[in-house]
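Following: one structure in structure tokens, then a few remarks.
The values are calculated or read from the model by the stated rules, or taken from the named source; none is laboratory data. Note that this is a predicted model, so its numbers are computed, not measured. Cβ placement follows ideal geometry from the backbone for every residue including glycine, while neighbour counts extend to all protein chains displayed. With ligands, DNA and RNA removed, areas are computed over all heavy atoms of the protein, side chains included. Shrake-Rupley method; radii C 1.70, N 1.55, O 1.52, S 1.80 Å.
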Amino acid sequence: MTKTAEQEVALNSETLDMLREMCERNLAHHVAKGEKPVFGEGPSDSRIMIIGEAPGAKEARTGRPFVGNAGRLLTTLLVEIGLERNEVYITNILKTHPRGNRTPNRRMILEQLPYLKRQIQMIAPGIMVLLGATALKGLIDPHARITRLRGTWLRFEGIPTLVTYHPAAVFHDDTKKELLRQDFQALRKELDRR
Ligand code: URA
């Protein structure tokens, strides 16, 4: 029986560090000169996992997720609900910066998804937050619509998963900031309920 990419990744990664190494090695061909894959960062036993779209140029240079303007807004949203950035695990659907800053296509997502799925299994968060359409479509359903599902809770492999806008969406449409704030308040409520 041939193994799926997901089974292959799971078999060869007993620890998060092993998974990171495998991910960085296998995806090296997608990385431009001077850039690195961005695996994700945060406590390996974090109860909250936040998933964005893909690293931008700054993230790829530093190897860290959400270190630009969208990251600053994400940090503010977390602080407003009493969380420190370093309390949560932050990563992306795609681990490499898409050339030309393109929105990740389905082929790229499917190639890289086994790493994220294994990462979720290993961290085993109590709650996940999906930031934006790419995270929603990549993890839940390619036909899902962010405008319809934002502000709702779904389940991914049994994990309660909040869908909200990507913080960068606020830079194009300021009215989304209030909706993002509301969704982070819902996250706070869910944490308090536990
Ligand atoms: N936008 C994302 O979706 N992820 C990052 O890491 C940075 C910006």
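Quick one: compute the contact order of the chain, relative version, from alpha carbon pairs under 8 angstrom and 6+ residues apart, as a percent. Reported as a whole number, the value is 21 percent. Find which of T147, G34, I48 sits farthest along the positive direction of the dipole of the chain, computed with +1 on the beta-carbon of Lys and Arg, -1 on that of Asp and Glu, about the Cα centre. Toward the positive end, the furthest listed residue is T147. Compute the angle between helix 16-26 and the longest alpha-carbon principal axis of the chain, please, reported from 0 to 90 degrees and rounded to the nearest 10. Rounded to the nearest ten degrees, it is 60.
Between helix 106-123 and the chain there is an angle of about 80 degrees, using the helix long axis and the longest principal axis of the Cα atoms. When the stretch 1-89 is described by a simple charge dipole with +1 on each Lys and Arg Cβ and -1 on each Asp and Glu Cβ, the residue from L83, P65, L11 located farthest towards its positive end is P65. Here's how it looks for K36: its modeled amide H is under 5 Å from those of R61, G63, which are all 5 or more places away or on a different chain. Helix 176-193 and the longest principal axis of the Cα set of the chain meet at an angle near 80°. Of the Cα atoms belonging to the stretch 44-100, the radius of gyration and Dmax stand at 11.5, 36 Å. Other residues within the sphere of radius under 13 Å centred on the Cβ of E111, judged by their own Cβ, net out at +2 (K and R +1, D and E -1). In this structure, the pairs whose alpha-carbon distance is over 18 Å, taken from K58/K177; K33/K58; K33/K137; K58/K95, are K58/K177; K33/K137.
Grab the other residues whose beta carbon is less than 14 angstrom from that of T4, score K and R as +1, D and E as -1, and report the net.
Local charge sum for T4: 0.
Pairs of Cα atoms nearer than 8 Å and 6+ residues apart set the relative contact order; for the stretch 69-137 it is 27 percent. When peptides 57-69, 10-22 are ranked by their average number of other Cβ atoms within 10 Å per residue, the highest-first order is 57-69, 10-22. Residue by residue, the stretch 90-104 carries 3J(HN,Hα) couplings of 10, 8, 9, 4, 9, 9, 10, 6, x, 4, x, 6, 5, 5, x Hz when phi is fed to the Karplus relation 6.51 cos²θ - 1.76 cosθ + 1.60 (θ = phi - 60°); x denotes Gly or Pro. Measuring nothing but alpha carbons in the stretch 3-193 and taking Rh as the Kirkwood radius, the Rg to Rh ratio lands at 0.94. Net charge in the neighbourhood of L136 (other residues with Cβ under 9 Å of its Cβ; Lys, Arg +1, Asp, Glu -1) is +2. Only protein atoms count toward the accessible area here, which uses a 1.4 Å probe; on the stretch 67-123, the carbon and sulfur part of that area reaches 47 percent.
The dipole here belongs to the stretch 39-194: it is taken about the Cα centre, uses +1 on the Cβ of Lys and Arg and -1 on the Cβ of Asp and Glu, and is about 400 debye.
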